[in-house]
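Peer 1: Structure provided below as structure tokens; questions to follow.
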Amino acid sequence: MRLPRLTEPGRHATGSGRPLRAQATRDSKSLPGQPRRRYAAAMDERPTRINVGQLPQGRFMAHGELQVWHHARLLCYEAGGPFNVEMVGAMSRAVGRLLQQWQPSEPYVVVTWWHGSLLASPEVLEAYHGLLRLGRQVMAPELACLWQVGPEIEDAAFMKPLWKQVHDACGYRLEFCESDGEMLRRASELLRQAGVEDSGLAPFDA
């Protein structure tokens, strides 16, 4: 899959002039230094989140922040970019660990709360493309992937079409929402359309 260059003249690939820090965290609650998302926070007492900080790191540290968990008919992520290629590998391991405990029941929806930046290099997008293709082999297809990308997210206007291009190439339906309430209402709507009367999202579908 051929992707355009993502860096602009004079701009560092991470979105700043500084190298990325290793940001894999071990807190199973919220991502540090980021505003709490109202509905993501309400899910804290649900099944344990898997944080990339809980997973073994390779020779190079994963840059970025990522947690994964499930709630009712949702596969949930909380992510903070920018990512490096190692974070894509860590994401694969985190999802693999979750799937040892839980398998999504069809129909289901994937939801992601984003913090920080959406910026990713072509190498990261290529690695993510491979991860999505693998997902099609090991998981039942979801109704949609919903990303909450608020106006505060850096590089969103530039990167959203590129992330969508990767999803489209692998047969995934990616939609963007500005708030977590909007995202979860959309998830509930998709589940109702698929015949799920009790989506388990009543506390959030308001």
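The values are calculated or read from the model by the stated rules, or taken from the named source; none is laboratory data. Keep in mind the model is a prediction, meaning the values are calculated, not measured. Don't worry about glycine lacking a Cβ; one is built from the backbone with ideal geometry, like all the others, and counts go over all protein chains shown. The accessibility values were calculated without ligands, DNA or RNA, using every heavy atom of the protein model including side chains. Shrake-Rupley method; radii C 1.70, N 1.55, O 1.52, S 1.80 Å.
Peer 1: Using a 1.4 Å probe over the heavy atoms of the protein chains, calculate the carbon and sulfur portion of the accessible area of segment 159-204 as a whole percent.
Peer 2: Answer for segment 159-204: carbon and sulfur cover 44 percent of the accessible area.
Peer 1: Assign one of three labels to segment 100-206, namely rounded, prolate or oblate, based on the Cα gyration tensor with a ≥ b ≥ c the square roots of its eigenvalues; rounded applies when a/c is under 1.5, prolate when it is not and a/b is larger than b/c, and oblate otherwise.
Peer 2: oblate
Peer 1: Along the Cα→Cβ direction, 7 angstrom out, place labels at residue 182 and residue 138. What is the inter-label distance in nm?
Peer 2: Each label point lies 7 Å from its Cα, and together they span 3.3 nm.
Peer 1: Here is a further query. I need the per residue convex hull volume for segment 41-148, using only the alpha carbons, in cubic angstrom as a whole number.
Peer 2: Convex hull of Cα atoms, per residue: 104 Å³.
Peer 1: Also, I was wondering about something else. Given contacts defined as C-alpha pairs under 8 Å and at least six residues apart, what's the relative contact order of segment 108-206, whole-number percent? Display every interim value, and only then the final one.
Peer 2: Working: 124 pairs, mean separation 33.1, N = 99.
Contact order relative to length: 33 percent.
Peer 1: Set the Förster distance to 25 Å, then compute FRET efficiency between residue 197 and residue 48 from the Cβ-Cβ distance, nearest 0.05.
Peer 2: The value I calculate is 0.35.
Peer 1: When the chain is fully extended, how far beyond the present Cα-Cα distance does residue 100 get from residue 123, taking 0.36 nm per residue of separation?
Peer 2: 5.4 nm
Peer 1: Cα gyration tensor of segment 83-142, axes a ≥ b ≥ c as square roots of the eigenvalues: rounded (a/c below 1.5), prolate (a/b > b/c) or oblate?
Peer 2: Verdict is prolate for segment 83-142.
Peer 1: Right, here's the next one. Taking Cα pairs under 8 Å and at least six residues apart, what relative contact order does segment 62-129 come out at, in percent?
Peer 2: 41
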